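**Q** The structure is given below, and queries will be raised subsequently.
Read-outs throughout are calculated quantities, based only on the coordinates presented, and are distinct from any laboratory measurement. Keep in mind the model is a prediction, meaning the values are calculated, not measured. Here Cβ is always computed from backbone atoms with ideal geometry, including for glycine, and neighbour counts include all displayed protein chains.
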Amino acid sequence: MADNKVFPTKGNLLNIQKSLALAQLGYELLDKKRNILIRELMEMVEKAKELRGSIDTTYIEAYSALQMANITHGVVQNIADGMPVENGIVVSYRSVMGCELPKMSLNSENKLKLDYGFLNTDTNVDKAYICFDKVKRMTVLLAEVENSIYRLTNSIRKTQTRANALQNIVIPRYQDIVKYISGSLEEKEREEFSRMKVIKAQKLARKKYKVKSKA
């Protein structure tokens with residue numbers, strides 16, 4: 001329904017038409033943004049599925065290696081207590097259509113350093129250490145992907161809400177106002193045209209009357 005507070009003038013018509021064009025452009029851009037975000041989300045979801053499957057297998061291998069180390073070497077709690085806490089996680093961000101997605105990595109990404117001696121350990125301990133190092137790296141990657149999925153989902157929801165508001169509320173409202181003003185102006189033009197015809201007819205009639213009177 002048109003806003004009755006908008007006066008049907010050509011100036012207002014031009015302003016509303018500009019606003020309508022901007023709203024339609026905004027909707028098109030939001031629609032493109034939503035499609036790009038959805039495509040990115042689908043890729044992340046597939047990546048998360050692959051990682052979850054791989055990380056489950058890696059955890060099984062790691063705990064199996066730890067169990068073997070405990071069997072052959074005794075409980076390795078004292079070795080585990082000597083392991084340094086991982087604090088080398090680096091987080092950066094990349095922007096996808098205004099949505100900031102995290103990029104997580106380890107400072108020691110390409111380094112595998114044994115933090116225990118060889119005197120009281122064996123290859124089973126080494127295998128367990130290597131397996132859990134792999135688990136750590138995969139966990140960081142999975143955290144990156146799942147956080148990206150969460151952020152993308154929120155961004156898609158907000159974009160969808162804004163697009164729906166433009167498509168279902170703002171654009172129809174502007175279209176109604178344009179229709180209302182255009183109709184009002186056309187009606188005024190028809191009235192003015194009819195009025196001019198009447199005035200012209202009256203002038204012609206007076207002119208003919210004057211000619212007859214002189215005759």
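**Q** Given the pairs LYS5/LYS188; LYS49/LYS127; LYS47/LYS158; LYS103/LYS158; LYS134/LYS158, which span a C-alpha to C-alpha distance of over 28 angstrom in this model?
**A** LYS134/LYS158
**Q** For GLU50 and GLU189, calculate 0.36 nm times their separation in residues minus their Cα-Cα distance, and state this gained length in nm to one decimal.
**A** Net length gain for the segment: 43.2 nm.
**Q** Among 147-154, 90-97, how do they line up from the highest to the lowest mean number of other beta-carbon atoms within 10 Å?
**A** 147-154, 90-97
**Q** Once the piece of chain linking MET42 and LYS10 is laid out straight, how much longer is it, given 0.36 nm per residue of separation minus the C-alpha distance between them?
**A** Length gained between MET42 and LYS10: 6.7 nm.
**Q** May I pose another question? Ordered by packing density, taken as the mean number of other Cβ atoms within 10 Å over each peptide's residues, highest first, how do 54-66, 180-192 rank?
**A** For the peptides 54-66, 180-192, the packing ranking is 54-66, 180-192.
**Q** Just add up the charged neighbours of THR57: K/R +1, D/E -1, any other residue whose Cβ is under 12 Å from the Cβ of THR57.
**A** My count for the surroundings of THR57 gives -1.
**Q** Once you place label points 7 Å from the Cα toward the Cβ at LYS179 and GLU146, how far apart are they in nm?
**A** Computed distance between label sites LYS179 and GLU146 equals 5.0 nm.
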